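The values are calculated or read from the model by the stated rules, or taken from the named source; none is laboratory data. None of the values given here were measured: they were computed from a predicted structure. Virtual Cβ from ideal backbone geometry, glycine too; neighbours counted across all protein chains shown. What goes into the accessible areas is simple: the full protein's heavy atoms, side chains included, and nothing from ligands, DNA or RNA. Shrake-Rupley method; radii C 1.70, N 1.55, O 1.52, S 1.80 Å.
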Amino acid sequence: MKITEFLKHNYRHFNAAALIDAAEGYKTHLNEGGKMMVTLAGAMSTAELGISLAEMIRQDKVQIISCTGANLEEDVFNLVAHDYYERVPNYRELTPDQEQELLERHMNRVTDTCIPEMEAMRRIENVILEEWVKADQAGKSYFPHEFFYKILLSGKLDASFQIDPKNSWLLEAAKRNLPIIVPGWEDSTLGNMYAGHVISGDVKNVHTVRSGIEYMMFLAEWYTVNATEESKVGFFQIGGGIAGDFPICVVPMLHQDLQRNNVPLWGYFCQISDSTTSYGSYSGAVPNEKITWGKLGKETPKYIIESDATIVAPLVFAIVLDQ
């Protein structure tokens, strides 16, 4: 039985039914000529979402991505250091002393998965630093994802790949020069490293890596070109936080701050989140709240799946891919 057949036979109510509705809505949106933005919060790259997301990119089911700096870099960490990762199934039972032992071994824990600092983070730092310095000395500047595209497409890392490269979503995105928005890149391991290299003088101009404001300006131009009444842009949000809130605000910015008319609202919205609705929480806000901010319209197809995105997202993608 195909995955889609299994899901449609068994997923009939509650969050399960919401998953089916959202996936079918995603397909309908694309079939009607729409485009889709996927946003990645949390640690989805360390959860190896690339296995399904890369295929979505290959089959042109995703036209633009917004992600945290962590998700940007962690896909590459996994690509070059997968064999050195360690899984800790009993992470809930770890004592402070055991956590300290992981620190002393340079194993940075994300829930049940430990990322090896020397094999992953420092290896990538050494390669990307060359690009930072080269751009800095040439008086040029690039977005964070563009620096990753440079090192991935250069072939410098090919010999270090420890997973099938077809399972790296960022490598697939690089091959297609997919537009990526990385708000708050500074809040990432390499962002911290970059700050250190600016402080130490290795990089002279802090603006060698372009900023979040420039990302919003880039997104405003991209949305203006790509969003029409005939081809609206949808919004598939995994988690919450800045990866979702930053890009969705481009629409009210175009309307309210630039006073532009005839800018379509987002044409589809789905959020996968395990954050329950609560006071003041963006991640837990129901989609209808976004109507009041000029992000979605009252007719916009809206879905929320209150569940673990590591379980849900690959299943939604499977339906979209007709698997």
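Counting heavy atoms of the protein chains only and a 1.4 Å probe, report the per residue accessible area for the chain as a whole number of Å².
Accessible area per residue: 47 Å².
Across 10 Å bins from 0, what is the distribution of all Cα-Cα pair distances for the chain, in whole percents?
It works out to 6, 25, 33, 25, 10, 1, 0, in whole percents.
Taking 22 Å as the cut-off for C-alpha to C-alpha distance, list the pairs among LYS61/LYS175; LYS150/LYS232; LYS2/LYS175; LYS175/LYS295 that go past it. Please report the intermediate quantities before stating the final value.
Numbers: LYS61/LYS175 15 Å; LYS150/LYS232 30 Å; LYS2/LYS175 29 Å; LYS175/LYS295 31 Å.
The pairs that break the limit, which is 22 Å between Cα atoms, are LYS150/LYS232; LYS2/LYS175; LYS175/LYS295.
With runs of 4+ DSSP H residues as the only contributors, calculate the mean residue ellipticity of the chain at 222 nm using -39,500 (n - 2.57) per run, divided by the residue total and rounded to the nearest 500.
Result for the chain: -13000 deg cm²/dmol, rounded to the nearest 500.
Please work out whether the range 107-219 counts as rounded, prolate or oblate from its C-alpha gyration tensor, where a ≥ b ≥ c are the square roots of the eigenvalues and a/c under 1.5 means rounded, while otherwise a/b larger than b/c means prolate and anything else oblate?
Cα axes put the range 107-219 in the rounded bin.
If you place +1 on the Cβ of every Lys and Arg, -1 on the Cβ of every Asp and Glu, and leave all else neutral, what size is the dipole of the chain about its Cα centre, to the nearest 20 Debye?
So the magnitude is around 940 debye.
Counting only other residues whose beta carbon sits under 14 Å from that of PHE148, what net charge do I get with K and R as +1, D and E as -1?
-2
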